[in-house]
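*Asks:* Dumping the structure here so I can ask a few things about it.
No lab work stands behind these numbers, since they all come straight from the coordinates. Everything numeric here is computed off the predicted structure, so don't read it as measured data. Every residue, glycine among them, receives a Cβ derived from its backbone with ideal geometry; neighbour counts consider all protein chains shown.
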Amino acid sequence: MKLLVGVVLAAALAAGCAVDTAGPARVAERFHAALAADQVEAACGLLARKTAEKLPGPGQSCADALRELRLGPGGGLTAVDVWGDEAQVRLEGDTLFLHHFGDGWRVVAAGCVPVRDLPYECEVEN
């Protein structure tokens, strides 16, 4: 996978395209800042539509579901990887996955931890 990322990055740079790492990083940090400030409605607004729709249980709002999950603090930014319209943002306390839609970057998964020999397991995902 690292080789593929290197090839994609090299191709983007050769074509004169700068990879936007600031956009997904800002959204991930805003998501966790909203959670920390108990502004869960604002955090829900940063989720992809399908993620926000899948999150709540029966009779529950997105905000109630996020509040109930009690995701830990995000912490400082440690790494951002972007592959076209997909991004992974690693914070000290969380890993988030984002997708770039027409209206900007949106969180598609949060509260993610790596699982040995498997993909990430996420508390919030679509």
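*Asks:* Whose amide H sits under 5 Å from the amide H of GLY75, counting only residues 5 or more places off or on another chain, with H placed in the peptide plane?
*Replies:* GLY93
*Asks:* Under 10 Å, Cα contacts only: if you run a Gaussian network model on the chain, which one of VAL19, VAL108, VAL80 comes out with the highest mean-square fluctuation?
*Replies:* So, out of VAL19, VAL108, VAL80, the one fluctuating most is VAL19.
*Asks:* For the chain, what is the charge dipole size about the Cα centre, in debye to the nearest 20, if Lys and Arg each add +1 at the Cβ and Asp and Glu each add -1 at the Cβ?
*Replies:* So the magnitude is around 140 debye.
*Asks:* Still on this structure, I have one more. Is segment 19-125 best put as rounded, prolate or oblate by its Cα gyration tensor, with a ≥ b ≥ c the root eigenvalues, rounded for a/c under 1.5, and otherwise prolate when a/b is larger than b/c, oblate when not?
*Replies:* On the way: a/c = 1.44, a/b = 1.31, b/c = 1.10.
Verdict is rounded for segment 19-125.
*Asks:* Now, a different point. Give the long-range amide H neighbours of LEU47: residues separated by 5 or more places, or on another chain, with amide H under 5 Å away, using H modelled in the peptide plane at 1.01 Å from N.
*Replies:* For LEU47, whose amide H was placed from the backbone, the distant partners under 5 Å are VAL107.
*Asks:* Can I ask one more? Give the order of ARG26, ARG49 when sorted by the count of other beta carbons within 10 angstrom, beginning with the fewest.
*Replies:* Details: ARG26 15, ARG49 11.
With the sparsest Cβ surroundings first, the list reads ARG49, ARG26.
*Asks:* Quick one: compute the contact order of segment 45-100, relative version, from alpha carbon pairs under 8 angstrom and 6+ residues apart, as a percent. Don't skip to the answer; put the middle values down first.
*Replies:* Values: 62 pairs, mean separation 12.7, N = 56.
Normalised by residue count, the contact order of segment 45-100 is 23 percent.
*Asks:* For a quick check, take a GNM of the chain with Cα springs below 10 Å and name the residue from GLY23, GLY74, GLY57 with the largest mean-square fluctuation.
*Replies:* Evaluated over the chain, the most mobile residue of the options is GLY57.
*Asks:* Determine the relative contact order of segment 19-125: mean sequence separation of Cα pairs under 8 Å and six or more apart, normalised by residue count, in whole percent. Could the numbers behind the result be given before it?
*Replies:* Working: 185 pairs, mean separation 25.4, N = 107.
Relative contact order comes out at 24 percent.
*Asks:* Right, here's the next one. Counting DSSP beta bridges in the chain, what percent are antiparallel, to the nearest 5?
*Replies:* Antiparallel: roughly 95 percent of the beta bridges in the chain.
*Asks:* When the helices in the chain are scored as -39500 (n - 2.57) per DSSP H run of 4 or longer and the sum is shared across all residues, what 222 nm value do you end up with, to the nearest 500 deg cm²/dmol?
*Replies:* Taken over the chain, the calculation gives -11000 deg cm²/dmol.
*Asks:* Another question, then. So which residue, out of GLY76, GLY59, GLY104, gets the largest mean-square fluctuation from a GNM of the chain using Cα contacts under 10 Å as springs?
*Replies:* Comparing GLY76, GLY59, GLY104 in a Gaussian network model of the chain, the most mobile one is GLY59.
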